[in-house]
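*Asks:* Here it is, the structure, as structure tokens.
All of the numbers you see were taken from the coordinates with simple rules; none came from a lab. A quick note: this is a predicted structure, and the numbers were derived from the prediction, not measured.
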Amino acid sequence: MKFTLATIATLATSVAAFSPSSFVQTTPVAHRAAADSALCMKYKVAVVGGGPSGACAAEIFAQEKGIDTVLFERKMDNAKPCGGAIPLCMVGEFNMPESVVDRKVRKMNLISPTGVEVNIGDTLQPDEYIGMCRREIMDKFLRDRAIEYGAEAVNGLVTSIDVPVDHKTTDKPYTINYQEYVDGSSAGVAKSMEVDYIVGADGANSRVAKAMDAGQYNFAIAFQERIKIPDEKMTFYEEMAEMYVGDDVSPDFYGWVFPKYDHVGVGTGTVVNRPAIKQYQKAIRDRAGDKIAGGKIIKVEAHPIPEHYRPRRVQGRIALVGDAAGYVTKCSGEGIYFAAKSGRMAAEEIVALMKGGSRLPTQAEVEKTYLKKYDGLYGPTYTVLDILQKVFYTNNGAREAFVELCNSKYVQQVTFDSYLYKRVQGNNPLDDVKLLGETIGCLVKGYSTAKPDAEFSNPVESLKRI
Ligand SMILES: Cc1cc2nc3c(=O)[nH]c(=O)nc-3n(C[C@H](O)[C@H](O)[C@H](O)COP(=O)(O)OP(=O)(O)OC[C@H]3O[C@@H](n4cnc5c(N)ncnc54)[C@H](O)[C@@H]3O)c2cc1C
């Protein structure tokens, strides 16, 4: 249903409109701040997706009283398939209660293709840890907080967005079409809503990205089983997470056993041989062996993980954050912190540009602020981890070398500092030179001793690697 500016003004005082031709309930624009300040109409910002990126964006918008904020989430109790590991700094920076963290991991076992085990964690201070969360708990906490701040929550699946052809040069509203699930009903009611700005926080299969023609990214498929293991076996994982490397568990990533509330998450991922994901999952279960034996699989989950940024992250008055934008690091597969951070950063910049809700930001303004600042802060991290993944995860020789290198206290210190605090702390140049020598030595040794990777033939998938 299309409105002209004149009809928009006429309809502005209505609460809702009904289109007999489409039988779709439409909430009309009632928020033309600049056009009709007498009616106190506000610009409306829609955040699509209520994961960490969406919730952290919505809570910033909601605190600006000159803006109406709507948060669309298709499933209010969504349990995003995820390892749930978060860096320590996220708890403080996002003011999360420790109850959101199920387990505090202080030890990490790295296991090489030949079974060499290196335990890292000795360099951690007593109050330092990696937080292990269940996403259904953490996401709900962040989402509820945004709603408390004043975001209007819509329990609905956004199915499409009508984007005016001239949206980059005009202030014409976008129409969000969605299925609303009222009172938890699974049968949705078709509705639509006009909004002035859209933040796409709807994850790796983003419909917002599609609507704005953001372009594609390559992705890994990650698979996880949540396994309830006997209590005595759970004791081993009390403060312990495990990372397994080897071509048996993944040709280009790692397999993990992460402790959760009363169970473990056991999973793996791959880009280059996605059809074999179940074979890799079986291998990680086998490698964990006795430690998880007798466990009962209580949940099986899988989801894409973006490999890099989308070609276009801001178009007109639509901006992408989190997985929708492609903000997951290689090597670690970490995306929760970057999702929350990008949601918050994008919203802060857009709110500042909207000057108390008196104007709408342009694409160029959002690119110059949100994108420039985000890339400046985290661009180098993505690049370094991309290089590390290519060096250390692509064959068994390099994987052996990676595990051996992690024996170094210096490597452990630098790795934890950059992961836990998202900053590289004043490295020691002498240690850096020593480390380079050790890296070369370990690589030479690894290549000479490791068994070669199993060959697989998957030319179509392999070619897709960017
Ligand atoms: C198996 C696996 C393990 C992982 N392990 C880790 C880990 O241990 N640590 C880590 O940091 N990262 C991990 N990641 C990555 C992490 O899960 C993501 O980077 C993170 O969830 C991104 O957050 P987000 O808010 O951008 O998107 P999401 O968490 O995907 O949230 C998107 C939200 O949007 C909603 N939504 C989607 N489409 C629509 C729609 N059309 N309409 C309305 N709502 C919609 C969804 O229901 C969801 O709530 C893992 C990923 C996978 C797949």
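*Asks:* Relative to the longest principal axis of the chain, what angle (0 to 90°, nearest 10) does the C-alpha long axis of helix 372-392 take?
*Replies:* So the inclination is approximately 30 degrees.
*Asks:* For segment 442-465 and segment 308-361, compute the distance between their C-alpha centroids and round to whole Å.
*Replies:* Using only Cα atoms to place each centre, the spacing works out to 35 Å.
*Asks:* Between the helical axis of 429-449 and the dominant principal axis of the chain, each derived from Cα atoms, what acute angle in degrees is found, rounded to the nearest 10?
*Replies:* Helix 429-449 sits at roughly 70 degrees to that axis.
*Asks:* If I fit a long axis through the Cα atoms of helix 396-405 and take the longest principal axis of the Cα atoms of the chain, what angle between them do I get, 0 to 90°, rounded to 10?
*Replies:* Once rounded, the angle reads 90 degrees.
*Asks:* Report, in listed order, any pair from Lys80/Lys228; Lys107/Lys260; Lys42/Lys341; Lys65/Lys368; Lys42/Lys355; Lys330/Lys422 with a Cα-Cα distance greater than 20 Å.
*Replies:* Working: Lys80/Lys228 18 Å; Lys107/Lys260 14 Å; Lys42/Lys341 26 Å; Lys65/Lys368 25 Å; Lys42/Lys355 12 Å; Lys330/Lys422 15 Å.
The answer is Lys42/Lys341; Lys65/Lys368.
*Asks:* Okay, moving on. Summarise the long-distance tail of P(r) for segment 403-459 by giving the % of C-alpha pairs beyond 14 Å. It would help to have the intermediate numbers written out before the result.
*Replies:* Working: 1044 of 1596 pairs.
So the pairs more than 14 Å apart make up 65 percent of the total in segment 403-459.
*Asks:* Going from the alpha-carbon gyration tensor of segment 328-433, what semi-axes, largest first and in whole Å, does one get by taking the root of 5 times each eigenvalue? All intermediate terms of the calculation are to be shown ahead of the outcome.
*Replies:* Working: eigenvalues 263, 43, 24 Å².
They are 36, 15, 11 Å, listed largest first.
*Asks:* A further question on this structure: Just the ratio, please: alpha-carbon radius of gyration of the chain over 2.2 N^0.38 Å, N its number of residues.
*Replies:* Values: Rg = 23.8 Å, N = 466, 2.2 N^0.38 = 22.7 Å.
Normalised Rg, Cα atoms only: 1.05.
*Asks:* Add -39500 (n - 2.57) for each DSSP H run of 4 or more in the chain, then divide by its residues: what number comes out at 222 nm, to the nearest 500 deg cm²/dmol?
*Replies:* Details: 15 runs with 159 residues, N = 466.
Computed mean residue ellipticity for the chain: -10000 deg cm²/dmol.
*Asks:* How big is segment 131-259 by the Kirkwood estimate over distinct Cα pairs, in Å? Numbers along the way, then the final one.
*Replies:* Numbers: mean 1/r = 0.0526 Å⁻¹.
Evaluated on segment 131-259, it is 19.0 Å.
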